[in-house]
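Engineer: Supplied in structure tokens, the structure appears directly below.
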Amino acid sequence: MKSYNIHLIRHGAVEETMQGRYIGTTDVPLSDKGKADLRKLDHFCKYPYCTALFTSPLKRCKETCEILYPNLKPIVLDGFIECSFGEWEGLTAEDLKGDEDFEKWLAGSSEVKPPKGESGADFTRRVCRLFEDVVNGLMKTGTTDCVIVTHAGVISTILAVYGLPQAKPFEWQMDPGCGYSMRITPLLWQRDKVAEVFETVPREPEDEEN
């Protein structure tokens, strides 16, 4: 039976993240170093082939698509935007030191969310609803390979909810420009809504030789 590969790639580096700032929905571009690092990865490693390319609407993701997949026009999906940090956007942990809500939120409490921001539960529902729509769309059209360029929070959420082996969101770590590949097997997906995480993205040169 036909299987479907979905490659989840985190956008390249941005200056604000390197400064430790929370920039969920803040629309900042890739840094010069972020662009250079992506081009270096693309030159020395191998990014997966795809016939369909999806992206978050934010600049840092669309710019990543332009560098890694210049010959493909991405389909922009608003639901793959990063979690909104509300009034905490642009601030650092040091800026928020002493804020009781921030301390509870950082500890993983589901009872609090950033002021005027998005709760973890709402974020997870949004991301999962769209991811399942994408999977169903791939099956309906017979598209067997796609790439989703998005944010670390989106990727770790998808992997924690659907990925095998099972792991918590914080256990799915990835550097800018990197990510994971999932294999959707229709019977397994329809029965249990799970998918095999079978490799990291991009492939290292030595992986190609083996």
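The values are calculated or read from the model by the stated rules, or taken from the named source; none is laboratory data. Keep in mind it's a predicted model, so treat the numbers as computed, not measured. With ideal geometry, Cβ positions are generated from the backbone for all residues, glycine too; neighbour counts draw on all protein chains shown. These accessible areas exclude ligands, DNA and RNA; they are computed on the full protein's heavy atoms, side chains included. Shrake-Rupley method; radii C 1.70, N 1.55, O 1.52, S 1.80 Å.
Engineer: So if I check each of Asp42, Asp37, which one is in contact with a helix residue (DSSP H, G or I) (Cβ under 8 Å, 6 or more places away or on another chain) and either over 24 Å from Val135 (Cβ atoms) or free of Cβ contacts under 8 Å to residues at least 24 places away in the same chain (or both)?
Structural biologist: Going through Asp42, Asp37 in turn, the sole match is Asp42.
Engineer: To continue, here is another question. Mind counting the residues in the stretch 117-139 that are more than 16 Å from the chain's Cα centre (by Cα) and either more than 30 Å from Pro74 (Cα to Cα) or hydrophobic (A, V, I, L, M, F, W, C) (or both)?
Structural biologist: 3
Engineer: Also, quick follow-up: Tell me which residues, restricted to the stretch 140-171, are more than 16 Å from the chain's Cα centre (by Cα) and surrounded by 14 or more Cβ atoms within 10 Å (Cβ to Cβ).
Structural biologist: Of everything in the stretch 140-171, those that are more than 16 Å from the chain's Cα centre (by Cα) and surrounded by 14 or more Cβ atoms within 10 Å (Cβ to Cβ) turn out to be Thr143, Thr144, Asp145, Leu164.
Engineer: Of all residues in the stretch 76-105, which are within 20 Å of the chain's Cα centre (by Cα) and open to solvent by 60 Å² or more (accessible area, probe 1.4 Å)?
Structural biologist: Val76, Asp78
Engineer: Determine, yes or no, whether Asp133 is open to solvent by 50 Å² or more (accessible area, probe 1.4 Å), in contact with a Lys or Arg (Cβ under 9 Å, 6 or more places away or on another chain) and either among the acidic types (Asp, Glu) or modelled with pLDDT of 95 or more (or both).
Structural biologist: no
Engineer: Does Ile158 qualify as being part of a strand (DSSP E or B) and touching a Phe, Trp or Tyr at 6+ places or on another chain (Cβ under 8 Å)?
Structural biologist: Taking the combined requirement at face value, the residue does not satisfy it.
Engineer: If you go through the stretch 91-100 one residue at a time, do you hit one that is of a type in the set (A, V, I, L, M, F, W, C) and farther than 19 Å from Tyr22 by Cα?
Structural biologist: No, because not a single residue in the stretch 91-100 is of a type in the set (A, V, I, L, M, F, W, C) and farther than 19 Å from Tyr22 by Cα.
Engineer: Please go through the stretch 109-119 and give me each residue that is surrounded by 11 or more Cβ atoms within 10 Å (Cβ to Cβ) and at pLDDT below 90, ordered by number.
Structural biologist: Ser109, Val112
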